[in-house]
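First comes the structure, then the notes that go with it.
The values are calculated or read from the model by the stated rules, or taken from the named source; none is laboratory data. Keep in mind it's a predicted model, so treat the numbers as computed, not measured. We place every Cβ from the backbone using ideal geometry, glycine too, and count neighbours over all the protein chains shown.
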Amino acid sequence: MPERVDDNCIFCKIIAGDIPSAKVYEDETVLAFMNLQQKNPGHTLVIPKEHYPNVYEIPDELVGYIAQIAARIARVVKTQFGAAGINILQNNDPAAMQSVFHFHSHVIPRYAGDDLLAIWRSAPATPEELSANAEKIRAGL
């Protein structure tokens with residue numbers, strides 16, 4: 001049983017076996033299963049077995065391992081579902097559309113014209129805006 005568990009978390013309940021899921025992959029550290037809301041067929045979630053609400057709290061090495069498993073699943077999903085591409089997404093906080101507060105990555109197969117992520121359409125930034133934003137990030141690192 002994982003050390004970090006939130007008894008009110010739906011993903012912790014899935015890990016514990018209290019709620020059924022369509023498992024894709026499991027090891028001692030992570031669980032991957034089909035997202036209940038399939039944005040496209042094959043939409044998979046990859047989660048740590050220990051409860052971390054978001055990217056701000058999860059250890060870097062665990063994020064790296066989840067990314068490795070997500071990449072492995074992405075390669076298989078692309079082939080098995082004939083996807084034209086794959087999005088690997090990770091959302092934090094309600095403003096970023098996080099609805100389950102247990103760190104997780106989405107592996108979403110994409111197809112021409114599916115228009116799932118129209119929110120990313122935006123005008124390009126100016127070079128000055130890019131430089132100013134980069135400086136803010138560098139200052140915090």
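Would you call GLU129 over 20 Å from the mean Cα position of the chain (by Cα), free of Cβ contacts under 8 Å to residues at least 60 places away in the same chain and on the phi < 0 side of the Ramachandran plot?
yes
Considering only strands (runs of 3 or more DSSP E) fully contained in region 1-98, which possess at least 3 residues that are in contact (Cβ under 8 Å) with a residue 24 or more places away in the chain and closer than 30 Å to GLY113 by Cβ?
The strands (runs of 3 or more DSSP E) meeting that bar are 44-48, 85-89.
Which residues, counting only those in region 50-104, are of a type in the set (Phe, Trp, Tyr) and surrounded by 12 or more Cβ atoms within 10 Å (Cβ to Cβ)?
Correct list: TYR52, TYR65, PHE81, PHE101, PHE103.
Read through the list (1) modelled with pLDDT under 95; (2) assigned to a loop (DSSP other than H, G, I, E, B), then give the number of the only condition that SER131 fails.
The number of the failed condition is (2).
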